[in-house]
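Reading through the structure tokens given below for one structure.
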Amino acid sequence: MLISVVIPAFNEEAYLGDTLASLNRAEAFLRDKESLATEIIVVDNASDDSTADVARALGAIVIKETHHNVANVRNSGAKLSNGDVLVFVDADTIVPDKLLARIVEAMSDTTCFGGAVDTDYRPTKLTSKAYLQFWRMLGKVTGMAQGATQFCRRDLFLALNGYDESLFMGEDVDFHWRLKRMAKRQNGSVVLIEDLRVVPSTRRFDQWRLWRTLVWTNPLFILLFRRRRTCWHGWYKAAPR
């Protein structure tokens, strides 16, 4: 089994180094435990900072994608990967050392189609902390899993045509639900790894006013406007750094 880690990155020089360092530790743990190989691919989404240089310095494969659509960026990395299992990690997310080994353990069950990893958000604002904890619990109840870290068998990813490139937001939740529907039809399973948690950046929640967080992360707002690029300027052009 070869693991391909795909990281979409747009102007992430400040965060990408820590993400890659954590993935390199996870890669070393997996190699020592299972003697399995891992490739780490950073998809540079037309960054105008040193994102690509940071990636190369930490041993990642760097590919270019100029179209600003995160679904397209994820898919571009998947197309050029070689792995049997695809793991998608956000560029500002720290993963535990045992993450890749835990994913391999889950995927050793041939009925497992893929899944996601639980998140541990650590915002500085108490209101943001309570809000994120609420959505974490609701996500578990409704089967909604975001894309801080998702994984899938390569052949199934291709069968689903990857992430939906008509979406500018919510492509991760959409993919997870489509994967779950496929698994249900074929008597497979999709898992949520909860014994390990990844730590995404909370920069948006720390910098945004509460009203902006409540609007831009509201599932109903996302559902209504997820195909409108102009609604997501704060993700694609003016993201907090």
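Listed residues 155, 109, 118; which is part of a strand (DSSP E or B), surrounded by fewer than 19 Cβ atoms within 10 Å (Cβ to Cβ) and out of contact with any Pro (no Cβ under 6 Å at 6 or more places or on another chain)?
Every option except 118 fails the conditions.
What number of residues in segment 137-152 are assigned to a loop (DSSP other than H, G, I, E, B), open to solvent by less than 40 Å² (accessible area, probe 1.4 Å), of a type in the set (A, V, I, L, M, F, W, C) and out of contact with any Pro (no Cβ under 6 Å at 6 or more places or on another chain)?
Within segment 137-152, residues that are assigned to a loop (DSSP other than H, G, I, E, B), open to solvent by less than 40 Å² (accessible area, probe 1.4 Å), of a type in the set (A, V, I, L, M, F, W, C) and out of contact with any Pro (no Cβ under 6 Å at 6 or more places or on another chain) number 1.
Give segment 22-43 a look and list any residue that's touching a helix residue (DSSP H, G or I) at 6+ places or on another chain (Cβ under 7 Å) and modelled with pLDDT under 95, or say none.
Passing the criteria: 33, 34, 36.
Could you list, in sequence order, all residues of segment 1-19 that are surrounded by fewer than 24 Cβ atoms within 10 Å (Cβ to Cβ) and farther than 22 Å from residue 154 by Cβ?
Of everything in segment 1-19, those that are surrounded by fewer than 24 Cβ atoms within 10 Å (Cβ to Cβ) and farther than 22 Å from residue 154 by Cβ turn out to be 10, 11, 13, 14, 15, 17, 18.
Modelled with pLDDT under 95 and open to solvent by 70 Å² or more (accessible area, probe 1.4 Å): which single residue out of 168, 134 fits that description?
Among 168, 134, only 134 is modelled with pLDDT under 95 and open to solvent by 70 Å² or more (accessible area, probe 1.4 Å).
All but one of (1) at pLDDT 95 or above; (2) touching a Lys or Arg at 6+ places or on another chain (Cβ under 7 Å) hold for residue 11; state the number of the condition that does not hold.
(1)
Out of segment 47-96, which residues are open to solvent by 20 Å² or more (accessible area, probe 1.4 Å), in contact with a Lys or Arg (Cβ under 7 Å, 6 or more places away or on another chain) and farther than 11 Å from residue 9 by Cβ?
Passing the criteria: only 84.
Could you please give the count of residues in segment 44-64 that are charged (D, E, K, R), modelled with pLDDT of 95 or more and within 29 Å of residue 230 (Cβ to Cβ)?
The number of residues fulfilling the criteria is 2.
Only residues in segment 32-47 that are touching a residue at least 40 places away in the same chain (Cβ under 8 Å) count as the first member; pair them with residues that are among the hydroxyl-bearing types (Ser, Thr, Tyr) and surrounded by 15 or more Cβ atoms within 10 Å (Cβ to Cβ), Cβ under 9 angstrom, at least 6 apart or cross-chain, and list the lot.
Pairs found: 38/4; 39/4; 39/81; 41/4; 41/81; 42/51.
Out of the residues in segment 171-195 meeting the condition of being open to solvent by 70 Å² or more (accessible area, probe 1.4 Å) and either part of a helix (DSSP H, G or I) or closer than 22 Å to residue 77 by Cα (or both), tell me which one is modelled with the lowest pLDDT.
Checking each candidate, the answer is 177.
The values are calculated or read from the model by the stated rules, or taken from the named source; none is laboratory data. All values derive from a computational prediction rather than experimental measurement. Please note: Cβ atoms are built from the backbone with ideal geometry, for glycine as well, and neighbour counts cover all protein chains shown. Just the protein is used for accessible areas: all its heavy atoms, side chains included, with ligands, DNA and RNA removed. Shrake-Rupley method; radii C 1.70, N 1.55, O 1.52, S 1.80 Å.
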